[in-house]
Amino acid sequence: MPVITLPDGSNKTFDQPVTVADIAASIGRGLAKAALAGVVDGRLVDTSHVVKSDASLRIITSRDPEGLEILRHSTAHLLAQAVQSVYPKAQVTIGPVIEDGFYYDFAFERPFTPEDLEKFEQKMREIVKADQPVRRRVLARDAAIAHFKSIGEHYKAEIIAAIPSTEEISLYGQGDWEDLCRGPHVPSTGKLGAFKLTKVAGAYWRGDSRNEMLQRIYGTAWPDDKQLKDYLTRLEEAEKRDHRRIGRELDLFHFQEEAPGAVFWHPNGWTIFQQLIAYMREKQSAAGYQEISSPEIMDRELWVQSGHVEKFGENMFLTRTPDERVYAIKPMNCPGHVQVFRQGLHSYRELPIRYAEFGKVHRYEPSGALHGLLRVRAFTQDDAHVFVTEDQIGEETVRGIDLMMSIYRDFGFENVRVKFADRPERRVGDDATWTKAEEALKSATRAAGIDYEFNPGEGAFYGPKLEFVLKDAIGRDWQCGTWQVDLNLPGRLGAHYIDENSQKRTPVMLHRAIFGSLERFFGILLEHHAGKLPAWLSPVQAVVLNISEKQAKFAAEAAEFLKNQGLRAEIDLRNEKVGYKIREHTLKRVPYLLVAGDREVESRQLAVRTRSGKDLGAMPLEEVAARIAQDVASRGLDHLED
Ligand SMILES: [Zn+2]
Ligand SMILES: [Zn+2]
């Protein structure tokens with residue numbers, strides 16, 4: 001007589017053992033139809049799971065995160081079933097759920113084509129329509145290995161062989177198809193349907209390039225067609241904004257095989273990069289930071305002392321010189337800044353001391369993890385370290401947070417979330433010190449009027465941190481800035497100051513970066529603005545175009561005038577139709593297109609057009625210059641179109 005306790009606290013009593021599906025049906029027809037799985041006493045199970053004794057139960061539908069995951073993984077099974085029905089020789093391997101969807105890796109004699117994907121999708125729809133029930137059965141491990149070997153599924157047999165022999169193996173089947181799986185799964189294939197196969201790519205078995213190459217099919221799945229459609233629209237929008245594509249179109253940068261994860265900046269890209277630096281210099285200087293520069297290559301011993309070799313060694317590049325010394329290429333700027341601080345005696349009266357550096361750092365990342373500007377091996381941090389007394393942590397943190405928020409606003413990011421990350425498993429320093437640092441950071445964040453989310457275990461190895469997450473124009477989150485309290489490194493590296501009682505004390509070091517990596521922030525900006533950077537960041541702010549040879553002289557004068565006013569202006573005197581030239585510069589996202597025809601020459605004016613196609617009419621040269629300058633100075637808040 002199992003008594004089932006539901007999430008609202010109510011009970012249901014049954015005369016005999018019941019399945020999760022039976023219980024859902026006893027609650028209502030709608031729920032019976034929507035049920036994908038259940039959580040029985042905290043354990044996620046299939047709807048066919050039989051409850052024999054008293055238990056708590058929560059019914060899972062596609063509205064629950066667990067339900068969405070089951071839906072996606074079941075769609076991966078559906079894909080594998082379809083692939084093997086179309087190509088019985090294809091072998092299955094693994095098919096996990098990923099963000100927004102799933103993938104499944106197959107061993108096959110050749111790469112799958114887009115036509116294959118269409119065939120698979122077609123087959124998947126047929127199986128959904130047939131509404132095949134999903135079965136579960138259990139085998140002993142060795143029996144499961146023998147079973148998969150007998151049907152030619154050698155990858156599955158290898159996966160199972162890695163599971164302890166005492167464990168039971170569950171298999172999930174639908175129609176004449178079956179797969180090794182922990183489950184749970186939807187009760188029948190008819191529960192699926194809002195899916196799309198998105199792409200196919202090569203992937204090595206177990207992610208190791210020495211193994212065979214498999215065919216990975218990616219797909220997405222959602223509770224209903226509307227959510228699927230919205231997602232595909234977002235995906236399309238993200239593809240249009242892909243910074244690698246914009247980088248090519250605007251001739252900003254490139255990558256090549258000889259320098260994995262390192263950027264070759266082209267003139268236009270480097271112009272933007274320098275604008276980011278110039279902007280940050282101005283803000284930092286006003287906030288009391290002093291800029292320094294520390295060596296990129298330092299003796300490995302220094303990094304042993306700092307703890308980096310132990311905790312961060314696998315990400316460090318090393319270099320050996322002819323004199324047999326081993327150096328490390330800096331992965332972080334912190335130890336260098338402590339060396340600058342250690343020169344000479346500092347009194348408590350001098351604190352806070354704020355050192356900033358546009359520090360180029362190198363960190364080894366596996367080549368598979370690299371992604372355009374967003375994930376690189378060589379990058380520039382807008383790094384700073386503030387040396388303070390323990391009493392100053394709070395006030396300095398509040399100042400820091402204010403500065404960061406004002407900078408994000410200038411770049412058009414209004415929605416910024418803050419996460420608080422505490423001690424990670426791999427760390428230096430004792431627990432009492434960590435507790436002190438965490439408490440100080442939390443209370444300062446509250447004092448800055450910031451609500452934070454908790455991000456457990458994600459702090460740096462030397463201290464807790466705040467992470468600043470920006471939401472972009474199409475709703476994606478980007479973690480950029482960090483603010484960290486460090487009670488460890490200054491002591492390890494022998495930094496001191498003299499307190500009011502003439503005693504030697506160890507300062508606290510606050511690490512902070514606002515852009516984080518300039519390369520990555522650059523990529524985010526390109527995607528956020530879809531390449532249409534505000535005029536203050538655009539490599540070319542205005543182009544002067546003539547209609548025919550007759551206006552060439554005036555056009556050249558006009559461009560010269562704008563340059564003398566400090567604008568990044570260019571001239572296009574090519575013997576092409578003006579419509580063609582306008583189109584070309586619009587594609588290059590130049591904010592202002594300034595046309596000189598006969599009438600303009602006569603009145604010494606320029607006809608002003610914007611890259612969005614707006615015709616603002618003719619204006620005298622001085623007015624054109626003043627209004628673009630206004631747009632630049634206001635960082636786009638006051639641009640000509642409004
Ligand atoms: Zn599975
Ligand atoms: Zn640092």
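The values are calculated or read from the model by the stated rules, or taken from the named source; none is laboratory data. This is a predicted model, so every value here is computed, not measured. FYI the Cβ positions are ideal-geometry reconstructions off the backbone, even for glycines, and counts take in every protein chain you see. Only protein heavy atoms, including side chains, enter the accessible area calculation; ligands, DNA and RNA are left aside. Shrake-Rupley method; radii C 1.70, N 1.55, O 1.52, S 1.80 Å.
Got a sec? Which of 225, 230, 179, 142 is within 16 Å of ligand 1 (Cβ to nearest atom) and not small (Gly, Ala, Ser)?
179
Could you check region 466-496 and list, in sequence order, the residues that are more than 16 Å from ligand 2 (Cβ to nearest atom), over 24 Å from residue 456 (Cβ atoms) and in contact with a helix residue (DSSP H, G or I) (Cβ under 6 Å, 6 or more places away or on another chain)?
Correct list: 472, 473, 474.
Out of all the residues in region 384-405, which are open to solvent by less than 10 Å² (accessible area, probe 1.4 Å) and under 20 Å from the mean Cα position of the chain (by Cα)?
Listed by number, the list holds a single entry, 404.
Condition check ((1) open to solvent by 10 Å² or more (accessible area, probe 1.4 Å); (2) polar (S, T, N, Q)) across all residues:
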site	(1), (2)
332	yes, no
343	yes, yes
349	yes, no
356	no, no
365	yes, no
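Quick one: in region 180-199, of everything that is in contact with a strand residue (DSSP E or B) (Cβ under 6 Å, 6 or more places away or on another chain) and of a type in the set (D, E, K, R), which residue is nearest to ligand 2 (Cβ to nearest atom)?
199
Please state which one of 531, 481 is of a type in the set (Gly, Ala, Ser) and either open to solvent by 30 Å² or more (accessible area, probe 1.4 Å) or closer than 21 Å to residue 333 by Cβ (or both).
None of the other options fit; the residue is 481.
Among the strands (runs of 3 or more DSSP E) lying completely within region 3-56, list those that include at least 2 residues that are over 38 Å from the mean Cα position of the chain (by Cα) and buried (at least 17 other Cβ atoms within 10 Å of the Cβ).
Once the strands (runs of 3 or more DSSP E) in region 3-56 are filtered for at least 2 residues that are over 38 Å from the mean Cα position of the chain (by Cα) and buried (at least 17 other Cβ atoms within 10 Å of the Cβ), nothing remains.
Suppose we filter 173, 190 for residues that are within 15 Å of ligand 1 (Cβ to nearest atom) and either under 25 Å from the mean Cα position of the chain (by Cα) or surrounded by fewer than 21 Cβ atoms within 10 Å (Cβ to Cβ) (or both); which single one remains?
Step by step, each of 173, 190 is checked, and only 173 is within 15 Å of ligand 1 (Cβ to nearest atom) and either under 25 Å from the mean Cα position of the chain (by Cα) or surrounded by fewer than 21 Cβ atoms within 10 Å (Cβ to Cβ) (or both).
Condition (residue is crowded, with 23+ Cβ neighbours inside 10 Å, among the β-branched types (Val, Ile, Thr) and over 29 Å from residue 99 (Cβ atoms)) applied to region 489-501: is it met by at least one residue?
Among the residues of region 489-501, not one is crowded, with 23+ Cβ neighbours inside 10 Å, among the β-branched types (Val, Ile, Thr) and over 29 Å from residue 99 (Cβ atoms), which makes the answer no.
In region 230-270, what residues are of a type in the set (Phe, Trp, Tyr) and without any contact (Cβ under 8 Å) to a residue 60 or more places away in the chain?
Correct list: 264, 265, 270.
To keep it simple, each residue is scored yes or no on (1) in contact with a Gly (Cβ under 7 Å, 6 or more places away or on another chain); (2) more than 15 Å from ligand 2 (Cβ to nearest atom); (3) at pLDDT below 95; (4) among the aliphatic types (A, V, I, L, M).
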| site | (1), (2), (3), (4) |
| --- | --- |
| 304 | no, yes, yes, yes |
| 312 | no, no, yes, no |
| 321 | no, yes, yes, no |
| 369 | no, yes, yes, yes |
| 373 | yes, yes, no, yes |
| 393 | no, yes, yes, yes |
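Name every residue in region 325-366 that is among the acidic types (Asp, Glu) and either within 16 Å of ligand 1 (Cβ to nearest atom) or over 25 Å from residue 378 (Cα atoms) (or both), in order of residue number.
350
Of all the residues that make up region 608-631, how many are outside any helix (DSSP H, G or I), free of Cβ contacts under 8 Å to residues at least 24 places away in the same chain and open to solvent by 20 Å² or more (accessible area, probe 1.4 Å)?
The number of residues fulfilling the criteria is 4.
Which numbered condition in (1) in contact with a helix residue (DSSP H, G or I) (Cβ under 7 Å, 6 or more places away or on another chain); (2) modelled with pLDDT of 95 or more; (3) surrounded by fewer than 17 Cβ atoms within 10 Å (Cβ to Cβ) is the only one that residue 243 fails?
(3) is the only condition that residue 243 fails.
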